[in-house]
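Written below as structure tokens is the structure these notes are about.
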């Protein structure tokens, strides 16, 4: 508090006595939103942005959890970066992803060479490359609610495009039986 005594102005009719105290307004407090405390330097709260960090942010799609019971049709996964790797997705006839589907890759002689299960988004991928040759991919639903046709692939040392395995529902089975098509 500042004490003002014997304030004299030429046109003022009010002259305070020496024992009166007046509260003068303090200058407004200035807050710097970058600083988090009085002892911090602005450099401590700055983030360096590089073209790589911007690219990483732009290439990461925003995600949001889906409510249970809600399924959204999804596309095909990206092609692998290395040759002879098998990737893919399983979907029902309406395009919804199917999780926990068993995927088995068999060689020409019918011997299993890879086996894995689809994730919650219906995607699967082999971790190691296959040797060149002809393989059969068999998919099985442990709940026996979906049926899939066998898929034959020829592995020749190149990038294998992702497999899109769509289950055959009862409507498709009926159509095939009525029109004798496979």
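Here are the numbers:
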| item | result |
| --- | --- |
| Residues being more than 22 Å from the chain's Cα centre (by Cα) and in a loop (DSSP other than H, G, I, E, B) - total across the range 100-128 | 6 |
| Filter result for residue 79 (touching a helix residue (DSSP H, G or I) at 6+ places or on another chain (Cβ under 7 Å), in a loop (DSSP other than H, G, I, E, B) and touching a residue at least 60 places away in the same chain (Cβ under 8 Å)) | no |
| Output for the range 129-156, where each listed residue is in a loop (DSSP other than H, G, I, E, B) and either over 22 Å from residue 98 (Cα atoms) or touching a helix residue (DSSP H, G or I) at 6+ places or on another chain (Cβ under 6 Å) (or both) | 129, 130, 131, 132, 156 |
| Test set (1) more than 23 Å from residue 80 (Cβ to Cβ); (2) modelled with pLDDT of 90 or more - residue 181 fails condition number | (2) |
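The values are calculated or read from the model by the stated rules, or taken from the named source; none is laboratory data. What you see is a predicted model, and the numbers here were worked out from it, not measured in a lab. Every residue, glycine among them, receives a Cβ derived from its backbone with ideal geometry; neighbour counts consider all protein chains shown.
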